[in-house]
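> Sharing a structure here in structure tokens format.
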Amino acid sequence: MSLCRRQTLLLLGSSVLCLPAAAQATLVIVAGELPPYVSERREQSFLSDLFEEIGKQMGMRFEFRFMPWKRCEIAVEDLQAWGAVPYVQTPERERKHLFSEPLYAKRTMFFYYSPSGPRPEIGFALLSDLKPYRIGGVRGYYYEQMFAEAGLRVDFAVGEEQSFVKLRAGRVDLVPAVEAVGRDMIKTLFPPEEQAHFQMLERPLHLGFNFLMSSRQYPGNAGATGLLARFNRALAELRRNGVYNAVAARHGLS
């Protein structure tokens, strides 16, 4: 471990774990734009509101910082942030990071644009079946390696908005997005007369959950009394007492 990294660990440990009892520690959370789940626009950021409630349970506060997705993962790895949200577990990430209990369930779908109405269904048993199509994607997302291994032609962007703009312009044929995110993007970016021309393939790309991702090297993170365990207990309590469902309902996610 380098001297610089060792000093960083010591500073983080002193700032987060060794505060006086009356003080309220702050943990930095990094994220990209992904409304309605997380956004600098608080009214479109379910996770910002949820983490505020989790902080009350933990006796801590969370500070959200927004940046491109690639930088989010680097910020966690370099211990500049305690956590990044929302992330999918992959074997590569699990070697370096810890993951919380699920923050929410999600369904990732392929969207397409067709002014002439729904097209004949594009079926795919394997991702490689989509080789004839141009795929839009976001750099740093979990599917980046999956698409590369399948040999797909992918035009990467830095965020969801750029991908949907490319889809509308005909620069790509298919764009993967969590269903709620895709619908929100379409509603936000395009006039009503165009919104109806966006469709989804029937088969999902991915069914699963999104998580908070935190470095295994972050001071005080591991163990039954560590930061991540406390976070998980607070999240479970919010699910039990109904606060989680109330926050989700405010953001149209119930």
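> What are the residue pairs meeting all of these: first residue in the stretch 33-56, first residue under 18 Å from Arg183 (Cα atoms), second residue open to solvent by 50 Å² or more (accessible area, probe 1.4 Å) and of a type in the set (Ser, Thr, Tyr), Cβ atoms under 9 Å, and 6 or more apart or on different chains?
Filtered contacts from the stretch 33-56: Pro35/Thr188; Gln44/Thr188.
> Which condition does Ala125 not pass, out of (1) more than 30 Å from Ser45 (Cβ to Cβ); (2) open to solvent by 10 Å² or more (accessible area, probe 1.4 Å); (3) modelled with pLDDT of 95 or more; (4) not basic (Lys, Arg), if it passes all the others?
Failed condition: (3).
> Go through (1) buried (at least 19 other Cβ atoms within 10 Å of the Cβ); (2) under 20 Å from Pro204 (Cα atoms); (3) without any contact (Cβ under 8 Å) to a residue 60 or more places away in the chain for Lys131 and report which single condition fails.
Going through (1) buried (at least 19 other Cβ atoms within 10 Å of the Cβ); (2) under 20 Å from Pro204 (Cα atoms); (3) without any contact (Cβ under 8 Å) to a residue 60 or more places away in the chain one by one, Lys131 breaks only (1).
> Now a separate question. Quick check on my filter: what residues within the stretch 237-254 are more than 22 Å from Arg183 (Cα to Cα), free of Cβ contacts under 8 Å to residues at least 40 places away in the same chain and either part of a helix (DSSP H, G or I) or among the β-branched types (Val, Ile, Thr) (or both)?
Listed by number, the residues that qualify are Arg239, Arg240, Asn241.
> Looking at the stretch 104-128 only, could you name the residues that are in contact (Cβ under 8 Å) with a residue 12 or more places away in the chain, polar (S, T, N, Q) and over 22 Å from Gly208 (Cα atoms)?
Selection gives Ser114 alone.
> Within the stretch 34-45, which residues are open to solvent by 10 Å² or more (accessible area, probe 1.4 Å) and in a loop (DSSP other than H, G, I, E, B)?
Selection gives Pro36, Tyr37, Glu40, Arg41.
> Considering only the stretch 213-232, state which residues are in a helix (DSSP H, G or I) and of a type in the set (A, V, I, L, M).
Leu227, Leu228, Ala229
> Looking only at residues that are in contact with a Lys or Arg (Cβ under 8 Å, 6 or more places away or on another chain) and without any contact (Cβ under 8 Å) to a residue 60 or more places away in the chain in the stretch 155-167, which one is nearest to Lys187 (Cα to Cα)?
Ala157
> Hey, another quick one. Can you name the strands (runs of 3 or more DSSP E) wholly within the stretch 147-212 that have at least 2 residues being modelled with pLDDT of 95 or more, closer than 20 Å to Tyr133 by Cα and open to solvent by less than 40 Å² (accessible area, probe 1.4 Å)?
175-178
The values are calculated or read from the model by the stated rules, or taken from the named source; none is laboratory data. No experiment lies behind these values; they were computed from the predicted model shown. With ideal geometry, Cβ positions are generated from the backbone for all residues, glycine too; neighbour counts draw on all protein chains shown. Calculation scope for accessible area: heavy atoms of the full protein, side chains included, ligands and nucleic acids excluded. Shrake-Rupley method; radii C 1.70, N 1.55, O 1.52, S 1.80 Å.
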